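The values are calculated or read from the model by the stated rules, or taken from the named source; none is laboratory data. Given the structure is predicted, the values throughout are model-derived calculations rather than measurements. Counting neighbours? That spans all protein chains shown, and the Cβs are built from the backbone with ideal geometry, glycine included. Note: areas computed on protein heavy atoms with side chains; ligands, DNA, RNA excluded. Shrake-Rupley method; radii C 1.70, N 1.55, O 1.52, S 1.80 Å.
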Amino acid sequence: MISDAELIARLRSEVSVEKGDEDRLNEKLGAAKVYVESAIGRQKVADEIRADCVVSCAADLYNSRDARLGIMDVGSETLEPFRVSTDPLRSVWPKLKAAGVNTGGLVIS
C-alpha cells in the first residue's frame, strides 16, 4: 500500500503545487480515494495502478475549482470558455479498463 505522504507528493507534482494548500490537497485526496475505491469495488488492482488512479482523480477534483459547472475560462481574450467533464473519475475509467477492470458507465451486469 502506498502511503498518504507519497500520494500527496505525487498529487503536488501533478497539480504543480510545491508548498502550502495542505487542507485542500488532503481533502481532495480523501475524496478521490472514496471515488476510486467505489469504482474498483471488489476487483483486484495493483497498488501502483490504484495510486495512479487516486492521484489522477484527486488532481481533477483539485483543479475543478477552475472549472465551475464544467466550464473553464482560461482568461485569454482570444479564447472562449470551454467545457470540462464534471465526472470526478473521467481520467480513471480508461486506466482501470487498461488494467482489466471492467467498470464505468458501459458495464452490464
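Below are the figures for this structure:
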item	result
The range 11-26 - residue that is under 12 Å from the mean Cα position of the chain (by Cα) and either modelled with pLDDT under 95 or not hydrophobic (A, V, I, L, M, F, W, C) (or both) and, of those, least open to solvent (accessible area, probe 1.4 Å)	V15
Hits in the range 55-90 - residues which are modelled with pLDDT of 60 or more, closer than 16 Å to S16 by Cβ and either open to solvent by less than 30 Å² (accessible area, probe 1.4 Å) or assigned to a loop (DSSP other than H, G, I, E, B) (or both)	V55, S56, A58, A59, L61, Y62
Residues that are in a helix (DSSP H, G or I), loosely packed, with under 14 Cβ neighbours inside 10 Å and not acidic (D, E), drawn from the range 31-54	V34, S38
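Quick grid of which residues meet (1) β-branched (V, I, T); (2) touching a residue at least 60 places away in the same chain (Cβ under 8 Å):
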| residue | (1), (2) |
| --- | --- |
| S16 | no, no |
| D23 | no, no |
| K28 | no, no |
| A32 | no, no |
| Q43 | no, yes |
| I49 | yes, no |
| R65 | no, no |
